[in-house]
1. So which residues in the range 43-87 are of a type in the set (A, V, I, L, M) and either surrounded by fewer than 12 Cβ atoms within 10 Å (Cβ to Cβ) or under 18 Å from the mean Cα position of the chain (by Cα) (or both), if there are any at all?
2. Mind checking which pairs have a first residue in the range 57-82 that is assigned by TED's automatic domain parsing to the domain that holds residue 118 and a second that is of a type in the set (S, T, N, Q) and modelled with pLDDT under 90, Cβ under 6 Å, 6 or more apart or different chains?
3. Looking only at the range 123-152, count how many residues are at pLDDT 90 or above and of a type in the set (Gly, Ala, Ser).
4. Could you tell me how many of the residues in the range 93-124 are surrounded by fewer than 20 Cβ atoms within 10 Å (Cβ to Cβ), assigned to a strand (DSSP E or B) and of a type in the set (Lys, Arg)?
5. Do you know which residues across the range 108-133 are within 24 Å of residue 175 (Cβ to Cβ) and out of contact with any helix residue (DSSP H, G or I) (no Cβ under 7 Å at 6 or more places or on another chain)?
6. Within the group 139, 132, which residue is more than 14 Å from the chain's Cα centre (by Cα) and not charged (D, E, K, R)?
7. Just need a number here: residues in the range 133-146 that are part of a loop (DSSP other than H, G, I, E, B) and surrounded by fewer than 19 Cβ atoms within 10 Å (Cβ to Cβ).
8. Limited to the range 88-113, what total is found for residues that are under 11 Å from the mean Cα position of the chain (by Cα) and either free of Cβ contacts under 8 Å to residues at least 12 places away in the same chain or more than 15 Å from residue 148 (Cβ to Cβ) (or both)?
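The values are calculated or read from the model by the stated rules, or taken from the named source; none is laboratory data. Quick caveat, the model's predicted, so the values are computed rather than measured. Here the Cβ is made from the backbone with ideal geometry for all residues, glycine too, and neighbour counts use every protein chain on show.
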Amino acid sequence: MIRTGKLLQRQSVLQLVRPKLEQKNEVADITEAIEGREDRKIFAPEYISPERQAPHSLWKRLVRQDCLRRRNVIEIPEFYVGSLLRVTYTDKYAQEKSTIFAGRVIYLHGFGTNHKVLLRNFVNGTMVNLKIDLYSPIIQRIEVLRLEKWKDSNLQYLKLCDPAYCTVPLDMMPEPPTPLNKPLKYFEGKVMFKRPTQMPEPPVTEQEMVDDPIGTEGKHFNGHWQNIHYGDNRISLKQNQKWPQYQNLFADEFTIKEDDIYAQYRHRLANWAKYDIMRHHNFVDEKESVIKEMSRNKKILPQKTRAVGRPKVDYSKISKVWIEDYNLKTCEPSK
């Protein structure tokens with residue numbers, strides 16, 4: 001009876017053991033990486049200079065070297081906008097002097113060591129946004145829980161969606177990423193927006209205004225439905241545009257028209273970029289030069305970089321002498 005009891009006890013203990021998840025992780029060498037998934041030490045999105053700036057300035061070359069030095073200290077994996085990350089960073093107010101935060105990458109911003117990442121997660125019924133500096137010295141570890149790539153470079157619209165899109169458990173098990181020798185597919189899911197908090201109201205008739213003048217005050221009565229609108233409706237003039245339109249009797253009509261056309265052209269020249277959704281920063285030529293530069297730095301920096309620290313001093317050979325009486329003018333011991 002004792003043996004059977006022990007056997008049943010062992011079986012009950014074995015049933016509580018969580019089975020291991022068998023993951024077939026195909027690992028590819030970094031040398032087999034296809035275009036677009038190169039080694040992050042050689043090429044990363046933060047290496048590309050902002051638009052309309054000189055890409056090969058001395059300052060930017062030094063910043064890329066600082067990025068490579070930091071990447072030699074801590075492993076910064078490959079991730080994109082939409083990926084799920086778990087970051088461990090130093091926190092002096094925490095009990096273990098470190099804090100873990102997980103979330104979805106909303107956007108990436110910044111050049112070089114100023115590269116910033118915004119993570120969003122739904123924690124304890126509250127949506128939390130955490131912006132971290134990718135090259136900050138307080139970052140201890142960065143893990144990729146799920147490698148995803150969305151077509152949008154900014155996912156701020158997820159705040160209008162269901163919180164399930166940004167809900168990431170802190171103890172989530174990392175999923176095996178796509179091998180480097182295969183292209184990474186885009187996220188093909190459809191994001192559904194939440195229902196509006198306030199539905200549009202129907203217009204008010206004249207009879208309702210007569211019957212209830214207080215309850216219908218401020219409502220639409222011209223036959224149009226009331227819609228939710230944010231912002232003001234003030235008249236905003238375009239650049240180099242005058243209102244009301246000027247009238248010059250001493251100038252010909254075609255010259256006045258030419259001035260208006262030129263003013264509209266100047267306005268489109270300064271503002272057409274933010275309305276064109278098909279426009280992007282073409283950095284193909286800069287990418288090739290950056291890869292050559294960083295591959296050269298990867299070989300040279302380990303030889304040139306030295307550990308900076310306090311030099312070791314043998315205090316046993318230093319005799320401490322305390323002089324009580326000395327001359328204030330000559331700073332020498334008084335006789």
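1. Filtering the range 43-87 for residues of a type in the set (A, V, I, L, M) gives 44, 48, 54, 58, 62-63, 68, 73-74, 76, 81, 84-85, 87.
Across the range 43-87, the qualifying residues are 44, 48, 54, 58, 62, 73, 76, 81, 84, 85, 87.
2. As it stands, the answer is 60/49; 81/153, since those pairs meet every condition given.
3. Number satisfying all stated conditions: 1.
4. Qualifying residue count, the range 93-124: 1.
5. 117, 118, 119, 123, 128, 129, 130, 132, listed by residue number.
6. 139
7. Just the residues of the range 133-146 that are part of a loop (DSSP other than H, G, I, E, B), to begin with: 134-138.
Adding the requirement that they be surrounded by fewer than 19 Cβ atoms within 10 Å (Cβ to Cβ) leaves 136-138.
Total meeting the criteria: 3.
8. Count: 2.
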